[in-house]
Amino acid sequence: MRLSLLFPVLSPSLLVLSQSLSSYISTEQPIAKTNLLANIGAAGVKAPGAKPGIVVASPSTVNPNYYYFWLRDGSLVFKYIVDEYVSGRDTSLLSHINDFVAAQTILQGVDNPSGTAAAGTNLGEPKYYVNETAFLDSWGRPQRDGPALRITALTTYANSLLAANNKTFVTNSLWPIILKDANYVSSFWNQSNAYISYLQIQSSSFFTTAVQHRSLREAITLANAIGQTSQVSAWTTQANNILCFLQSYWNPSAGYITANTGGGRSGIDANTVLASIHTFDPNAGCDATTFQPCSDKALSNLKVYVDSFRSVYSLNSGVAESSAVSTGRYKEDVYQGGNPWYLTTLAVSEQLHLALKTWSTAGSLTITSTSLPFFQIFSSSVTAGTYSSTSSTYTTLTSAISTYADGFISIVQKYTPSNGGLAEQFDKSSGVPVSAVDLTWSYASALTAFNARAGLLSNSWGAKGLSVSGTCQSNAGPTVSVTFNVQATTSFGENIFITGSDPALSSWNPSSAIALSAANYPTWSVTVKLPASAGIQYKYIRKETDGSIVWESDPNMQITTPASGSVTENDTWR
Ligand code: NOJ
(Lines give C-alpha, C1' and ligand atoms only; values in the text may rest on other atoms or scores of the structure.)
Protein backbone atom coordinates (compact mmCIF):
# COMPACT_ATOMS: atom_id res chain seq x y z
CA MET A 1 0.00 0.00 0.00
CA ARG A 2 1.31 3.43 -0.86
CA LEU A 3 1.54 6.11 1.72
CA SER A 4 0.13 9.51 1.18
CA LEU A 5 2.96 11.90 0.49
CA LEU A 6 4.11 13.98 3.41
CA PHE A 7 5.36 17.31 2.18
CA PRO A 8 8.99 17.67 3.20
CA VAL A 9 8.31 21.13 4.55
CA LEU A 10 8.81 21.68 8.25
CA SER A 11 5.99 23.28 10.14
CA PRO A 12 6.94 26.51 11.98
CA SER A 13 6.90 24.75 15.35
CA LEU A 14 9.21 21.98 14.12
CA LEU A 15 11.54 24.57 12.69
CA VAL A 16 11.82 26.23 16.08
CA LEU A 17 12.41 22.87 17.71
CA SER A 18 15.15 21.86 15.30
CA GLN A 19 16.83 25.25 15.56
CA SER A 20 16.83 25.17 19.30
CA LEU A 21 18.06 21.58 19.27
CA SER A 22 21.01 22.43 17.05
CA SER A 23 21.84 25.41 19.18
CA TYR A 24 21.65 23.18 22.28
CA ILE A 25 24.03 20.70 20.62
CA SER A 26 26.49 23.39 19.62
CA THR A 27 26.52 24.73 23.18
CA GLU A 28 26.47 21.37 24.95
CA GLN A 29 29.08 19.62 22.81
CA PRO A 30 32.10 21.64 24.04
CA ILE A 31 30.77 21.63 27.62
CA ALA A 32 30.41 17.84 27.53
CA LYS A 33 33.91 17.42 26.16
CA THR A 34 35.48 19.80 28.67
CA ASN A 35 33.65 18.13 31.56
CA LEU A 36 34.58 14.65 30.30
CA LEU A 37 38.26 15.57 30.23
CA ALA A 38 37.95 17.25 33.64
CA ASN A 39 37.23 13.79 35.12
CA ILE A 40 40.44 12.21 33.82
CA GLY A 41 43.65 12.17 35.82
CA ALA A 42 46.16 13.44 36.43
CA ALA A 43 45.39 16.92 35.10
CA GLY A 44 41.57 16.79 35.22
CA VAL A 45 40.30 19.57 37.46
CA LYS A 46 37.58 17.34 38.91
CA ALA A 47 39.82 14.30 39.29
CA PRO A 48 42.27 15.13 42.09
CA GLY A 49 44.34 12.12 43.08
CA ALA A 50 43.52 10.17 39.91
CA LYS A 51 46.58 8.74 38.18
CA PRO A 52 47.22 9.68 34.53
CA GLY A 53 44.66 8.12 32.18
CA ILE A 54 42.35 7.11 35.05
CA VAL A 55 38.75 8.13 34.43
CA VAL A 56 36.78 9.03 37.54
CA ALA A 57 33.21 7.75 36.98
CA SER A 58 31.90 10.93 38.63
CA PRO A 59 33.37 13.46 41.05
CA SER A 60 30.55 12.55 43.44
CA THR A 61 31.98 11.06 46.65
CA VAL A 62 28.77 10.53 48.61
CA ASN A 63 25.32 9.19 47.73
CA PRO A 64 26.56 7.77 45.51
CA ASN A 65 30.31 7.53 45.86
CA TYR A 66 31.49 7.21 42.25
CA TYR A 67 35.04 8.34 42.87
CA TYR A 68 36.46 5.16 41.30
CA PHE A 69 37.80 3.97 37.99
CA TRP A 70 35.16 1.66 36.52
CA LEU A 71 36.60 -0.41 33.71
CA ARG A 72 33.27 -0.25 31.83
CA ASP A 73 32.85 3.51 32.07
CA GLY A 74 36.54 4.22 31.52
CA SER A 75 36.76 2.04 28.43
CA LEU A 76 33.62 3.52 26.88
CA VAL A 77 34.95 7.02 27.55
CA PHE A 78 38.23 6.08 25.90
CA LYS A 79 36.38 4.49 22.99
CA TYR A 80 34.99 7.98 22.34
CA ILE A 81 38.40 9.62 22.84
CA VAL A 82 40.16 7.14 20.55
CA ASP A 83 37.52 7.62 17.86
CA GLU A 84 38.03 11.37 18.02
CA TYR A 85 41.76 10.88 17.72
CA VAL A 86 41.89 8.29 14.93
CA SER A 87 39.33 10.19 12.84
CA GLY A 88 41.61 13.23 13.02
CA ARG A 89 38.89 15.29 14.68
CA ASP A 90 41.07 15.93 17.74
CA THR A 91 44.71 14.91 17.61
CA SER A 92 45.40 16.68 20.91
CA LEU A 93 43.89 13.69 22.69
CA LEU A 94 46.91 11.48 22.03
CA SER A 95 48.55 12.10 25.40
CA HIS A 96 45.36 11.01 27.20
CA ILE A 97 45.30 7.82 25.12
CA ASN A 98 48.89 6.99 25.97
CA ASP A 99 48.14 7.68 29.64
CA PHE A 100 45.21 5.28 29.42
CA VAL A 101 47.43 2.58 27.90
CA ALA A 102 49.99 2.97 30.69
CA ALA A 103 47.28 2.91 33.36
CA GLN A 104 45.72 -0.26 31.97
CA THR A 105 49.08 -2.01 31.96
CA ILE A 106 49.28 -1.26 35.68
CA LEU A 107 45.67 -2.25 36.47
CA GLN A 108 46.05 -5.58 34.68
CA GLY A 109 48.78 -6.42 37.17
CA VAL A 110 46.70 -5.67 40.27
CA ASP A 111 45.48 -8.67 42.27
CA ASN A 112 41.96 -7.99 43.49
CA PRO A 113 38.92 -9.75 44.92
CA SER A 114 37.97 -11.07 41.45
CA GLY A 115 41.25 -12.97 41.14
CA THR A 116 44.96 -12.86 40.56
CA ALA A 117 47.05 -11.38 37.81
CA ALA A 118 48.94 -14.65 37.54
CA ALA A 119 45.75 -16.54 36.65
CA GLY A 120 44.28 -13.65 34.66
CA THR A 121 41.09 -13.86 36.71
CA ASN A 122 41.65 -10.37 38.15
CA LEU A 123 40.57 -8.87 34.81
CA GLY A 124 36.89 -9.23 35.66
CA GLU A 125 37.17 -6.71 38.49
CA PRO A 126 34.66 -3.92 37.81
CA LYS A 127 36.29 -1.01 39.62
CA TYR A 128 39.48 0.28 41.23
CA TYR A 129 40.53 3.17 43.40
CA VAL A 130 41.69 6.10 41.31
CA ASN A 131 45.23 5.61 42.60
CA GLU A 132 45.27 2.26 40.73
CA THR A 133 44.89 0.04 43.80
CA ALA A 134 42.35 -2.72 44.36
CA PHE A 135 38.91 -1.96 45.77
CA LEU A 136 38.51 -4.53 48.52
CA ASP A 137 34.95 -4.04 49.80
CA SER A 138 32.11 -6.28 48.75
CA TRP A 139 30.75 -5.67 45.26
CA GLY A 140 28.97 -7.45 42.43
CA ARG A 141 31.97 -9.09 40.87
CA PRO A 142 33.28 -10.19 38.49
CA GLN A 143 31.69 -8.16 35.67
CA ARG A 144 32.88 -9.51 32.38
CA ASP A 145 32.21 -6.69 29.92
CA GLY A 146 35.17 -4.54 31.00
CA PRO A 147 38.02 -6.44 29.33
CA ALA A 148 36.01 -6.57 26.09
CA LEU A 149 35.35 -2.83 26.08
CA ARG A 150 39.03 -2.17 26.77
CA ILE A 151 39.94 -4.34 23.76
CA THR A 152 37.65 -2.27 21.54
CA ALA A 153 39.19 1.03 22.64
CA LEU A 154 42.74 -0.27 22.29
CA THR A 155 42.36 -2.14 18.99
CA THR A 156 40.89 0.98 17.38
CA TYR A 157 44.01 2.84 18.45
CA ALA A 158 46.24 -0.06 17.35
CA ASN A 159 44.69 -0.14 13.88
CA SER A 160 45.39 3.54 13.38
CA LEU A 161 49.01 3.07 14.46
CA LEU A 162 49.42 0.15 12.06
CA ALA A 163 48.02 2.27 9.26
CA ALA A 164 50.76 4.78 10.13
CA ASN A 165 53.39 1.98 10.15
CA ASN A 166 53.97 2.10 13.90
CA LYS A 167 53.88 -1.64 14.53
CA THR A 168 56.47 -1.51 17.30
CA PHE A 169 54.28 0.37 19.78
CA VAL A 170 51.35 -1.88 18.93
CA THR A 171 53.35 -5.06 19.49
CA ASN A 172 55.20 -3.89 22.59
CA SER A 173 52.65 -1.78 24.41
CA LEU A 174 49.12 -2.52 23.19
CA TRP A 175 49.29 -6.18 22.30
CA PRO A 176 50.22 -7.41 25.80
CA ILE A 177 47.08 -5.76 27.23
CA ILE A 178 44.84 -6.95 24.42
CA LEU A 179 46.22 -10.50 24.58
CA LYS A 180 45.37 -10.83 28.28
CA ASP A 181 41.92 -9.36 27.83
CA ALA A 182 41.14 -11.52 24.80
CA ASN A 183 42.26 -14.67 26.61
CA TYR A 184 40.00 -13.64 29.48
CA VAL A 185 37.01 -13.11 27.17
CA SER A 186 37.70 -16.35 25.33
CA SER A 187 37.98 -18.36 28.57
CA PHE A 188 35.20 -16.84 30.65
CA TRP A 189 32.50 -15.53 28.32
CA ASN A 190 30.24 -18.41 29.16
CA GLN A 191 30.85 -18.56 32.89
CA SER A 192 27.58 -17.96 34.53
CA ASN A 193 28.78 -16.23 37.68
CA ALA A 194 29.12 -12.91 35.90
CA TYR A 195 27.41 -9.92 37.38
CA ILE A 196 25.96 -7.82 34.65
CA SER A 197 26.75 -4.18 34.29
CA TYR A 198 23.88 -3.22 36.57
CA LEU A 199 24.98 -3.79 40.07
CA GLN A 200 22.37 -6.18 41.38
CA ILE A 201 22.07 -9.14 39.07
CA GLN A 202 24.13 -12.22 38.54
CA SER A 203 23.23 -13.56 35.15
CA SER A 204 24.06 -13.49 31.48
CA SER A 205 23.76 -10.09 29.87
CA PHE A 206 23.14 -9.25 26.23
CA PHE A 207 25.42 -6.22 26.39
CA THR A 208 28.25 -8.28 27.85
CA THR A 209 27.87 -11.04 25.26
CA ALA A 210 27.61 -8.57 22.37
CA VAL A 211 30.70 -6.58 23.31
CA GLN A 212 32.63 -9.77 24.06
CA HIS A 213 31.85 -11.02 20.58
CA ARG A 214 32.95 -7.78 18.95
CA SER A 215 36.13 -7.64 21.00
CA LEU A 216 37.29 -11.15 20.09
CA ARG A 217 36.79 -10.42 16.37
CA GLU A 218 38.88 -7.27 16.79
CA ALA A 219 41.60 -9.12 18.68
CA ILE A 220 41.71 -11.81 15.97
CA THR A 221 42.05 -9.25 13.18
CA LEU A 222 44.81 -7.45 15.05
CA ALA A 223 46.60 -10.71 15.87
CA ASN A 224 46.68 -11.59 12.18
CA ALA A 225 47.83 -8.11 11.23
CA ILE A 226 50.85 -8.20 13.54
CA GLY A 227 51.64 -11.90 13.15
CA GLN A 228 50.79 -12.91 16.75
CA THR A 229 48.59 -15.79 15.75
CA SER A 230 49.00 -18.40 18.48
CA GLN A 231 45.51 -17.81 19.93
CA VAL A 232 43.69 -17.05 16.70
CA SER A 233 42.21 -20.47 16.20
CA ALA A 234 40.99 -20.79 19.82
CA TRP A 235 39.56 -17.27 19.79
CA THR A 236 37.81 -17.88 16.46
CA THR A 237 36.10 -20.96 17.87
CA GLN A 238 34.90 -18.97 20.87
CA ALA A 239 33.88 -15.93 18.80
CA ASN A 240 31.66 -18.24 16.75
CA ASN A 241 30.25 -19.74 19.94
CA ILE A 242 29.57 -16.30 21.39
CA LEU A 243 27.80 -15.17 18.23
CA CYS A 244 25.67 -18.27 18.42
CA PHE A 245 24.84 -17.66 22.07
CA LEU A 246 24.02 -14.03 21.29
CA GLN A 247 21.08 -15.20 19.18
CA SER A 248 19.50 -16.92 22.18
CA TYR A 249 18.61 -13.58 23.82
CA TRP A 250 16.08 -12.79 21.11
CA ASN A 251 12.49 -13.30 22.21
CA PRO A 252 10.61 -13.80 18.94
CA SER A 253 7.09 -13.87 20.35
CA ALA A 254 7.45 -10.59 22.26
CA GLY A 255 9.76 -8.91 19.72
CA TYR A 256 12.51 -7.85 22.08
CA ILE A 257 15.95 -8.88 23.24
CA THR A 258 15.82 -10.42 26.71
CA ALA A 259 18.73 -8.39 27.99
CA ASN A 260 19.42 -10.29 31.14
CA THR A 261 18.27 -13.61 32.24
CA GLY A 262 18.11 -12.97 36.01
CA GLY A 263 15.10 -14.21 37.96
CA GLY A 264 11.71 -12.79 37.42
CA ARG A 265 12.24 -9.59 35.39
CA SER A 266 10.89 -8.79 31.95
CA GLY A 267 14.46 -8.42 30.68
CA ILE A 268 13.48 -5.30 28.69
CA ASP A 269 16.55 -3.22 29.34
CA ALA A 270 18.71 -0.36 28.07
CA ASN A 271 21.65 -2.70 27.80
CA THR A 272 20.24 -3.90 24.46
CA VAL A 273 20.25 -0.39 22.99
CA LEU A 274 23.72 0.25 24.40
CA ALA A 275 24.87 -3.02 22.82
CA SER A 276 23.48 -2.04 19.43
CA ILE A 277 25.30 1.33 19.38
CA HIS A 278 28.53 -0.06 20.82
CA THR A 279 28.69 -2.90 18.30
CA PHE A 280 27.65 -0.73 15.36
CA ASP A 281 29.67 -1.47 12.25
CA PRO A 282 29.20 0.95 9.35
CA ASN A 283 29.96 -1.85 6.87
CA ALA A 284 27.45 -4.37 8.23
CA GLY A 285 24.28 -2.78 6.91
CA CYS A 286 21.15 -3.81 8.78
CA ASP A 287 22.45 -7.25 9.71
CA ALA A 288 20.33 -8.81 12.46
CA THR A 289 22.92 -11.47 13.39
CA THR A 290 24.92 -8.78 15.14
CA PHE A 291 21.81 -6.71 16.01
CA GLN A 292 22.94 -3.69 14.00
CA PRO A 293 21.04 -0.47 14.83
CA CYS A 294 18.81 -0.68 11.72
CA SER A 295 18.27 -4.46 11.94
CA ASP A 296 14.67 -5.54 12.26
CA LYS A 297 15.34 -7.11 15.65
CA ALA A 298 17.10 -4.06 17.10
CA LEU A 299 14.31 -1.74 15.89
CA SER A 300 11.55 -3.95 17.23
CA ASN A 301 13.48 -4.13 20.51
CA LEU A 302 13.92 -0.37 20.61
CA LYS A 303 10.16 0.19 20.40
CA VAL A 304 9.45 -2.31 23.18
CA TYR A 305 12.20 -0.76 25.33
CA VAL A 306 11.06 2.86 24.84
CA ASP A 307 7.38 2.02 25.32
CA SER A 308 8.13 0.22 28.58
CA PHE A 309 8.83 3.64 30.18
CA ARG A 310 5.73 5.44 28.97
CA SER A 311 3.69 4.57 32.03
CA VAL A 312 6.41 4.40 34.71
CA TYR A 313 7.70 8.00 34.80
CA SER A 314 5.21 10.81 35.34
CA LEU A 315 7.44 12.97 33.10
CA ASN A 316 6.25 10.78 30.23
CA SER A 317 2.55 10.89 30.88
CA GLY A 318 0.36 11.94 28.00
CA VAL A 319 3.13 11.74 25.41
CA ALA A 320 1.96 10.24 22.09
CA GLU A 321 3.46 6.93 20.93
CA SER A 322 5.09 8.67 17.99
CA SER A 323 7.03 11.01 20.30
CA ALA A 324 10.15 10.45 22.35
CA VAL A 325 10.04 9.87 26.10
CA SER A 326 12.66 9.70 28.81
CA THR A 327 14.08 6.23 29.32
CA GLY A 328 16.05 4.52 32.06
CA ARG A 329 17.85 1.24 32.63
CA TYR A 330 14.74 -0.92 33.03
CA LYS A 331 11.27 -0.23 34.24
CA GLU A 332 11.65 -2.24 37.46
CA ASP A 333 14.76 -0.26 38.47
CA VAL A 334 14.81 1.32 41.92
CA TYR A 335 18.51 2.27 42.05
CA GLN A 336 18.93 5.89 43.25
CA GLY A 337 15.19 6.37 42.90
CA GLY A 338 14.77 4.46 39.63
CA ASN A 339 14.71 7.51 37.40
CA PRO A 340 15.38 8.17 33.73
CA TRP A 341 19.04 8.30 32.74
CA TYR A 342 20.65 10.79 30.39
CA LEU A 343 22.85 8.16 28.78
CA THR A 344 20.04 5.71 28.01
CA THR A 345 17.79 8.41 26.55
CA LEU A 346 20.70 9.58 24.39
CA ALA A 347 21.46 6.00 23.32
CA VAL A 348 18.00 5.68 21.77
CA SER A 349 18.66 8.74 19.65
CA GLU A 350 22.09 7.39 18.72
CA GLN A 351 20.73 4.02 17.60
CA LEU A 352 18.13 5.71 15.40
CA HIS A 353 20.57 8.17 13.85
CA LEU A 354 22.97 5.30 13.10
CA ALA A 355 20.06 3.48 11.47
CA LEU A 356 19.16 6.55 9.39
CA LYS A 357 22.75 6.92 8.25
CA THR A 358 22.94 3.25 7.26
CA TRP A 359 19.72 3.45 5.21
CA SER A 360 20.93 6.57 3.52
CA THR A 361 24.22 4.87 2.56
CA ALA A 362 22.35 1.80 1.32
CA GLY A 363 19.86 3.89 -0.64
CA SER A 364 16.90 1.97 0.76
CA LEU A 365 15.27 0.64 3.87
CA THR A 366 13.62 -2.72 4.40
CA ILE A 367 10.66 -3.43 6.65
CA THR A 368 10.12 -7.02 7.74
CA SER A 369 7.29 -8.51 9.77
CA THR A 370 9.63 -8.19 12.79
CA SER A 371 10.26 -4.46 12.37
CA LEU A 372 6.75 -3.59 11.12
CA PRO A 373 5.44 -2.52 14.58
CA PHE A 374 8.36 -0.09 14.85
CA PHE A 375 7.68 1.49 11.44
CA GLN A 376 3.95 1.60 12.12
CA ILE A 377 4.65 4.15 14.86
CA PHE A 378 5.28 6.55 12.01
CA SER A 379 2.74 5.32 9.48
CA SER A 380 -0.05 2.99 10.49
CA SER A 381 -0.62 1.91 6.89
CA VAL A 382 2.95 0.98 6.00
CA THR A 383 3.60 -2.62 4.99
CA ALA A 384 6.64 -4.89 4.84
CA GLY A 385 8.90 -4.39 1.84
CA THR A 386 12.00 -2.62 0.59
CA TYR A 387 11.65 1.08 -0.08
CA SER A 388 14.19 2.89 -2.23
CA SER A 389 15.42 6.27 -1.08
CA THR A 390 13.63 7.78 -4.06
CA SER A 391 10.23 6.56 -2.82
CA SER A 392 7.81 8.72 -0.90
CA THR A 393 7.47 6.01 1.75
CA TYR A 394 11.21 6.20 2.43
CA THR A 395 11.07 10.00 2.69
CA THR A 396 8.05 9.97 4.94
CA LEU A 397 9.44 7.33 7.27
CA THR A 398 12.99 8.64 7.53
CA SER A 399 11.92 12.21 8.20
CA ALA A 400 9.52 11.04 10.91
CA ILE A 401 12.18 8.77 12.43
CA SER A 402 14.69 11.60 12.37
CA THR A 403 12.25 13.86 14.24
CA TYR A 404 11.54 11.06 16.72
CA ALA A 405 15.29 10.44 17.20
CA ASP A 406 15.91 14.13 17.84
CA GLY A 407 13.09 14.08 20.37
CA PHE A 408 15.26 12.01 22.72
CA ILE A 409 18.01 14.64 22.58
CA SER A 410 15.37 17.33 23.11
CA ILE A 411 14.33 15.61 26.32
CA VAL A 412 17.94 15.65 27.52
CA GLN A 413 18.11 19.29 26.49
CA LYS A 414 15.00 20.04 28.54
CA TYR A 415 16.50 18.47 31.65
CA THR A 416 20.04 19.81 31.25
CA PRO A 417 20.70 22.48 33.88
CA SER A 418 21.95 25.87 32.72
CA ASN A 419 25.60 25.01 33.38
CA GLY A 420 25.35 22.11 30.90
CA GLY A 421 26.24 19.49 33.53
CA LEU A 422 24.99 15.95 32.94
CA ALA A 423 24.39 13.83 36.02
CA GLU A 424 23.53 10.13 35.94
CA GLN A 425 19.75 10.52 36.22
CA PHE A 426 16.96 13.11 36.14
CA ASP A 427 14.00 12.90 38.45
CA LYS A 428 11.08 10.96 37.01
CA SER A 429 8.56 13.57 38.18
CA SER A 430 10.35 16.91 38.22
CA GLY A 431 13.18 16.31 35.74
CA VAL A 432 15.81 17.79 38.08
CA PRO A 433 19.25 16.12 37.88
CA VAL A 434 19.74 13.40 40.51
CA SER A 435 22.32 10.80 41.57
CA ALA A 436 25.98 11.20 40.57
CA VAL A 437 26.82 14.64 39.15
CA ASP A 438 29.02 15.10 36.09
CA LEU A 439 28.87 11.42 35.16
CA THR A 440 31.71 10.95 32.69
CA TRP A 441 29.75 8.29 30.83
CA SER A 442 26.81 10.74 30.44
CA TYR A 443 29.15 13.18 28.70
CA ALA A 444 30.58 10.45 26.44
CA SER A 445 27.06 9.37 25.51
CA ALA A 446 26.06 12.93 24.61
CA LEU A 447 29.17 13.31 22.46
CA THR A 448 28.65 10.03 20.60
CA ALA A 449 24.92 10.76 20.13
CA PHE A 450 25.79 14.16 18.65
CA ASN A 451 28.36 12.53 16.38
CA ALA A 452 25.84 9.96 15.15
CA ARG A 453 23.36 12.76 14.42
CA ALA A 454 26.06 14.54 12.43
CA GLY A 455 26.81 11.34 10.50
CA LEU A 456 30.27 10.91 12.07
CA LEU A 457 30.77 7.18 12.40
CA SER A 458 33.35 4.97 14.05
CA ASN A 459 35.34 2.36 12.17
CA SER A 460 34.26 -1.07 11.03
CA TRP A 461 35.15 -4.06 13.22
CA GLY A 462 34.39 -6.90 10.84
CA ALA A 463 30.71 -7.58 11.53
CA LYS A 464 29.90 -7.82 7.83
CA GLY A 465 28.98 -11.25 6.56
CA LEU A 466 29.26 -13.12 9.85
CA SER A 467 26.98 -16.10 10.09
CA VAL A 468 25.90 -18.36 12.90
CA SER A 469 26.97 -21.98 12.70
CA GLY A 470 24.25 -24.63 12.69
CA THR A 471 25.02 -26.03 16.12
CA CYS A 472 26.18 -23.85 18.93
CA GLN A 473 29.06 -25.22 20.95
CA SER A 474 29.28 -24.21 24.56
CA ASN A 475 32.55 -22.94 25.94
CA ALA A 476 34.88 -25.93 25.76
CA GLY A 477 35.64 -26.35 29.45
CA PRO A 478 35.32 -29.30 31.82
CA THR A 479 31.84 -30.17 33.02
CA VAL A 480 30.40 -32.11 35.97
CA SER A 481 27.09 -33.95 36.42
CA VAL A 482 24.76 -32.24 38.85
CA THR A 483 21.58 -33.96 40.01
CA PHE A 484 18.92 -31.61 41.30
CA ASN A 485 16.32 -33.17 43.64
CA VAL A 486 13.52 -31.00 44.96
CA GLN A 487 10.70 -31.98 47.28
CA ALA A 488 7.57 -30.41 45.83
CA THR A 489 3.92 -31.29 46.22
CA THR A 490 2.02 -30.47 43.06
CA SER A 491 -1.55 -30.60 41.87
CA PHE A 492 -2.55 -32.63 38.83
CA GLY A 493 -1.15 -31.17 35.61
CA GLU A 494 1.38 -29.00 37.42
CA ASN A 495 5.07 -29.68 36.64
CA ILE A 496 8.38 -28.63 38.13
CA PHE A 497 11.22 -27.14 36.06
CA ILE A 498 14.59 -25.64 36.85
CA THR A 499 16.19 -22.56 35.34
CA GLY A 500 19.35 -20.70 36.24
CA SER A 501 22.33 -18.66 35.29
CA ASP A 502 24.05 -21.23 33.06
CA PRO A 503 23.01 -21.95 29.46
CA ALA A 504 22.54 -25.61 30.47
CA LEU A 505 19.86 -24.26 32.84
CA SER A 506 18.29 -22.19 30.04
CA SER A 507 20.04 -18.96 31.11
CA TRP A 508 17.09 -17.93 33.27
CA ASN A 509 14.66 -18.25 30.38
CA PRO A 510 11.56 -19.88 31.92
CA SER A 511 10.10 -20.82 28.55
CA SER A 512 13.02 -23.17 27.88
CA ALA A 513 13.53 -24.25 31.51
CA ILE A 514 14.59 -27.86 32.12
CA ALA A 515 11.81 -30.29 33.13
CA LEU A 516 12.26 -32.46 36.23
CA SER A 517 10.99 -36.03 36.39
CA ALA A 518 8.30 -36.99 38.92
CA ALA A 519 9.27 -40.68 38.86
CA ASN A 520 10.03 -40.51 42.63
CA TYR A 521 7.22 -38.06 43.50
CA PRO A 522 7.14 -35.95 45.65
CA THR A 523 10.85 -35.79 44.80
CA TRP A 524 11.32 -34.22 41.36
CA SER A 525 14.73 -34.84 39.71
CA VAL A 526 16.93 -34.03 36.81
CA THR A 527 20.64 -34.46 36.05
CA VAL A 528 22.42 -31.82 33.97
CA LYS A 529 25.99 -31.18 32.89
CA LEU A 530 27.29 -27.89 34.25
CA PRO A 531 30.69 -26.18 34.00
CA ALA A 532 33.18 -27.42 36.60
CA SER A 533 34.34 -25.09 39.41
CA ALA A 534 31.65 -22.55 38.66
CA GLY A 535 29.28 -20.54 40.82
CA ILE A 536 25.78 -21.07 39.43
CA GLN A 537 22.46 -19.68 40.58
CA TYR A 538 19.14 -21.36 39.99
CA LYS A 539 15.50 -21.56 40.96
CA TYR A 540 12.77 -24.09 40.51
CA ILE A 541 9.59 -23.00 38.79
CA ARG A 542 6.13 -24.51 38.54
CA LYS A 543 4.34 -24.51 35.23
CA GLU A 544 0.58 -24.57 35.72
CA THR A 545 -1.91 -26.29 33.43
CA ASP A 546 -2.87 -22.93 31.90
CA GLY A 547 0.79 -22.30 30.99
CA SER A 548 1.39 -19.73 33.73
CA ILE A 549 4.58 -19.86 35.75
CA VAL A 550 5.19 -19.65 39.49
CA TRP A 551 8.74 -18.88 40.63
CA GLU A 552 10.21 -20.01 43.91
CA SER A 553 10.62 -17.20 46.41
CA ASP A 554 13.87 -15.18 46.59
CA PRO A 555 16.78 -15.37 46.95
CA ASN A 556 18.18 -17.47 44.13
CA MET A 557 19.69 -20.82 45.09
CA GLN A 558 23.44 -21.03 44.68
CA ILE A 559 25.74 -23.95 43.93
CA THR A 560 29.49 -24.05 43.41
CA THR A 561 30.25 -27.05 41.24
CA PRO A 562 33.22 -29.31 42.00
CA ALA A 563 36.28 -29.47 39.74
CA SER A 564 35.33 -32.94 38.52
CA GLY A 565 32.97 -35.86 39.11
CA SER A 566 29.33 -35.49 40.08
CA VAL A 567 27.26 -33.95 42.85
CA THR A 568 23.67 -34.06 44.13
CA GLU A 569 21.70 -31.08 45.40
CA ASN A 570 18.75 -31.87 47.67
CA ASP A 571 16.30 -28.99 47.92
CA THR A 572 12.79 -28.29 49.14
CA TRP A 573 10.45 -26.02 47.17
CA ARG A 574 10.26 -22.51 48.68
C1 NOJ B 1 25.99 2.12 37.82
C2 NOJ B 1 25.80 1.57 36.44
O3 NOJ B 1 24.71 0.68 36.38
C4 NOJ B 1 27.07 0.89 36.00
O5 NOJ B 1 26.87 0.31 34.73
C6 NOJ B 1 28.20 1.89 35.99
O7 NOJ B 1 29.38 1.27 35.58
C8 NOJ B 1 28.38 2.51 37.36
N9 NOJ B 1 27.13 3.02 37.87
C10 NOJ B 1 29.40 3.65 37.34
O11 NOJ B 1 28.96 4.68 36.50
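Quick notes on this one:
- Solvent exposure of region 21-454 amounts to 31 Å² per residue of accessible area, where only protein heavy atoms count and the probe is 1.4 Å.
- Size of region 62-140: Rg and Dmax of its alpha carbons, in Å, are 14.1, 42.
- Taken one residue at a time, the phi angles of region 318-335 give Karplus couplings (6.51, -1.76, 1.60, θ = phi - 60°) of x, 7, 5, 4, 7, 10, 5, 9, 6, 10, x, 6, 6, 5, 7, 5, 10, 4 Hz. Gly and Pro are set to x.
- Over all directions, the projected convex hull of the C-alpha atoms in the chain averages 26.9 nm² in area.
- Which of 391, 452, 362, positive extreme of dipole for region 312-457 (C-beta unit charges): 391
- Amide hydrogen neighbours beyond the local backbone of residue 541, cut-off 5 Å, H modeled: 497, 498, 499
- Listed residue pairs exceeding 24 Å between alpha carbons, taken from 331/464; 127/529; 127/464; 51/414; 51/127; 46/180: 331/464; 127/529; 127/464; 51/414; 46/180
- To put it simply, the accessible area of region 21-454 at a 1.4 Å probe is 53 percent carbon and sulfur.
- The chain - mean residue ellipticity at 222 nm from DSSP helices (-39,500 (n - 2.57) per run, n ≥ 4, rounded to 500): -12000 deg cm²/dmol
- Debye, to nearest 20: dipole size of the chain, +1 on Lys, Arg Cβ, -1 on Asp, Glu Cβ: 620 debye
- The Cβ shell under 15 Å around residue 491 holds other residues with a net charge of -1, Lys and Arg each +1, Asp and Glu each -1.
The values are calculated or read from the model by the stated rules, or taken from the named source; none is laboratory data. Just so you know, these numbers come straight off a predicted model, no measurement behind them. Counting neighbours? That spans all protein chains shown, and the Cβs are built from the backbone with ideal geometry, glycine included. Please note that ligands, DNA and RNA were not included when accessible areas were found on the heavy atoms of the full protein model with its side chains. Shrake-Rupley method; radii C 1.70, N 1.55, O 1.52, S 1.80 Å.
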